[in-house]
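What follows is one structure encoded as structure tokens, with my remarks underneath.
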Amino acid sequence: MILQIKNLNINYEVRNGWVSAVQNVNLSIKENETVGLVGESGCGKSTLGKSLLKILPKNARIDGEILFKGENIAPYNERQMRKIRGKNISMIFQDPMTSLNPIMKVKDLFLETIKAHYPKIPEDEAFKMSAKILEEVGIDPVRMNEYSFQFSGGMRQRVMIALSLVLKPDLVIADEPTTSLDVIVQAQIMEVLKKLKDEHNMSMILITHDLGVVAELADRIGVMYAGHLVELSTAEKIYYEPKHPYTQALLKSIPNTNIDDRELRYIPGDLPNLVKPPKGCRFANRCPYATEKCHNEVPPDFEVDGTRVKCWLYEKVKA
């Protein structure tokens, strides 16, 4: 396993108390595997991704284990994490316009990243590394002398991808890499990610709202709701045999292109207050199958036909 997350809890200290953003998440990722994380806004996807690099706000507290290549990096300090970020674990942020420094030329962004980990590398060699990865994402190295604001949205995202892969990390966290891009550019970006993932033999966590995007790339999909990982299975089983009521509702809410089906489906209700989370299942107030037990007890993880699901509906199948 390249990564093992064990009993991970992430809480934010706010004026009214503590926000339970991620609770008791367990997840493992193999080498050259892509795991997608999907769910509504505020469900903890990006918080989980950023916790792996420890780039959360100062009011965040991380409890649990994050085993990267067998080493628990959860207690690492900033100096120790700096050696890992970019080199071993990197991140593609969802908004390259605010992630790329607008007053630095593209070549300087790459040289800074390379020099941070390999200070003795000759500048011409670092330049060649940068040019090579830019070519791989479809950008002419001639444009390295330009600034990020001179690029289109899709091209900026390609620069962001190249920047995250230039040191050939073992694990890449792609946090909504196609946000705000049109569908044609989205498809191009996903194709680039898929190609580079295989060529560089890297593992990936793909965080997205778009169930269509994650189906293209993910080997397994984890569904998050209000800080809980409520279902985890292969992409095929998530789409064709969803177990958790939230996953089922999420899939039904995708607009249907069939002209005979004009009904717009949605999930009624709102996410629970995570400062004072429900006593039981966090989806209970929106679930059509909820019982009294659902409202009072947090369900454990059940194994059902190779799918891990956090729902009392499957209590009887627990071996």
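The values are calculated or read from the model by the stated rules, or taken from the named source; none is laboratory data. Just so you know, these numbers come straight off a predicted model, no measurement behind them. Quick reminder, even Gly has a Cβ in these numbers, built from the backbone with ideal geometry, and neighbours come from all protein chains shown.
Annotations for the structure displayed:
- Only one of Ile121, Ile114, Ile139 that is farther than 28 Å from Ser28 by Cβ, touching a Ser or Thr at 6+ places or on another chain (Cβ under 8 Å), modelled with pLDDT of 90 or more and not assigned by TED's automatic domain parsing to the domain that holds Arg79: Ile114
So that you can scan it fast, the table gives a plain yes or no per residue for (1) in contact (Cβ under 8 Å) with a residue 60 or more places away in the chain; (2) surrounded by 20 or more Cβ atoms within 10 Å (Cβ to Cβ):
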| residue | (1), (2) |
| --- | --- |
| Val185 | no, no |
| Lys197 | yes, yes |
| Met202 | yes, yes |
| Val213 | no, yes |
| Ala226 | yes, yes |
| Leu232 | yes, yes |
| Ala249 | no, no |
| Asp270 | no, no |
| Gly280 | no, no |
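- Answer residue from segment 1-50, given it is assigned to a loop (DSSP other than H, G, I, E, B) and within 12 Å of the chain's Cα centre (by Cα) and is nearest to Leu251 (Cα to Cα) among those: Gly39
- Candidates Val19, Val25 - the one that is in contact (Cβ under 8 Å) with a residue 12 or more places away in the chain, more than 22 Å from Met190 (Cα to Cα), assigned by TED's automatic domain parsing to the domain that holds Arg282 and in contact with a Phe, Trp or Tyr (Cβ under 6 Å, 6 or more places away or on another chain): Val19
- Among the residues making up segment 142-189, those that are hydroxyl-bearing (Ser, Thr, Tyr) and modelled with pLDDT of 90 or more are Tyr147, Ser148, Ser164.
- Filter result for the condition that a residue is assigned to a strand (DSSP E or B), more than 21 Å from Gly86 (Cβ to Cβ) and not hydroxyl-bearing (Ser, Thr, Tyr), over Met204, Met224: Met224
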